Amino acid sequence: MLPPDHGLTMLLRKLDSIGRLTAEERQAIESLPVKTRVLDPWQDLVREGNRPSLCGLVLNGWVCRYKMLSMGRRQILSFHIAGDVPDLESLYSEVMDHGIAALTRATVALIPHESLRELIAHFPGLAALLWRDLMADAATYRAWLTGVGRRPAYERMAHLFCELYLRQQAVGLGGEHRCPFPITQIDLSDALGLSNVHVNRVLQEMRGQGLISLRGGTLVIEEWHRLAAVAEFDPAYLHLRNGSAA
């Protein structure tokens, strides 16, 4: 496993995981002007209703998309790891319809919209890769919606574990069926539409059946093929060049 990088290398890794970059495209990405910002847990990168002029590339730590409802109810819409640009869509939408916040202490690189638009204009192949990344985001929404709407809790959680492992493996943050997992049971509850008690029960059942273990903030998938079968997991929606964890 490779450690998180504090430069635009993480964006290169992410784009390499879904397509192929030319040497010229790599150089252009590395030349992007950025400023870094450190976020504390549950500090917002961008809030619903904001009109951002920058995109945030996650360099290390975890962030999430979320919506807040009345009485403090929270729905997590997606998890994001190093290499992700969770607000890339802000290039094309004037107002954010959701918030993005850190789940852990996280470092993000802030990239001006103007610089990204110039990059896309000069490198159509790179523009296609960024669109493919947005397509993967949309496909992930559909997968999560299907899970919340139709999958039992056990299958829903198994599917999420498979997804998070493959995404981290693709950018060098996971391997040998283990990956960082700083997500709390409350975070899982808010992402999967389950009560905290139900999340705890499912985790205990998975451990008891020898599918997974959680050790000091690390997810270990003990039986990948069994877990993927339980989840009916098909990684095609992630648009990874190598979607296999076998």
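The values are calculated or read from the model by the stated rules, or taken from the named source; none is laboratory data. From a predicted model like this one, the values you see are computed outputs, not experimental measurements. Every residue, glycine as well, gets a Cβ built from its backbone with ideal geometry; the counts of neighbours run over all protein chains shown.
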(message) Cβ-Cβ under 9 Å, sequence separation 6+ or interchain: first residue in region 105-117 and under 7 Å from Cys55 (Cβ atoms), partner buried (at least 16 other Cβ atoms within 10 Å of the Cβ) and among the small types (Gly, Ala, Ser). Which pairs?
(response) Ile111/Gly56; His113/Ser90
(request) Specify the residue that is nearest to the chain's Cα centre (by Cα); the eligible residues are those in region 185-211 that are farther than 28 Å from Asn242 by Cα and surrounded by fewer than 13 Cβ atoms within 10 Å (Cβ to Cβ). (result) Ile186
(request) Specify which of the listed residues (Ser78, Ser17, Ser70, Ser90) is of a type in the set (Ser, Thr, Tyr) and closer than 21 Å to Leu188 by Cβ. (result) Ser78
(request) Would you please list the contacts, defined by Cβ atoms under 6 Å and residues six or more apart or on different chains, that run from a residue in region 61-79 that is touching a residue at least 24 places away in the same chain (Cβ under 8 Å) and assigned by TED's automatic domain parsing to the domain that holds His159 to a residue that is aliphatic (A, V, I, L, M) and not in a helix (DSSP H, G or I)? (result) none
(message) I'd like the residue in region 80-97 that is touching a residue at least 12 places away in the same chain (Cβ under 8 Å) and more than 15 Å from the chain's Cα centre (by Cα) and, out of all such residues, is farthest from His113 (Cα to Cα).
(response) Asp97
(message) Can you pull out every residue in region 3-42 that is closer than 23 Å to Leu173 by Cβ and in a strand (DSSP E or B)?
(response) Thr36, Arg37, Val38, Leu39
(message) Out of the helices (runs of 4 or more DSSP H) lying entirely within region 176-232, which hold 1 or more residues that are closer than 26 Å to Trp42 by Cα and modelled with pLDDT of 95 or more?
(response) 185-192, 196-208
(message) Can you tell me which residue is surrounded by the fewest Cβ atoms within 10 Å (Cβ to Cβ) among those in region 54-81 that are more than 23 Å from Gln168 (Cβ to Cβ) and among the charged types (D, E, K, R)?
(response) Arg73
(request) Report yes if Gly175 is surrounded by fewer than 17 Cβ atoms within 10 Å (Cβ to Cβ), within 27 Å of Met10 (Cα to Cα) and not assigned by TED's automatic domain parsing to the domain that holds Ser78, otherwise no. (result) yes
(message) Please determine whether any residue of region 43-53 is crowded, with 17+ Cβ neighbours inside 10 Å and in a strand (DSSP E or B).
(response) yes
(request) Could you please find all residues in region 220-243 being acidic (Asp, Glu) and out of contact with any Leu (no Cβ under 8 Å at 6 or more places or on another chain)? (result) Glu232, Asp234
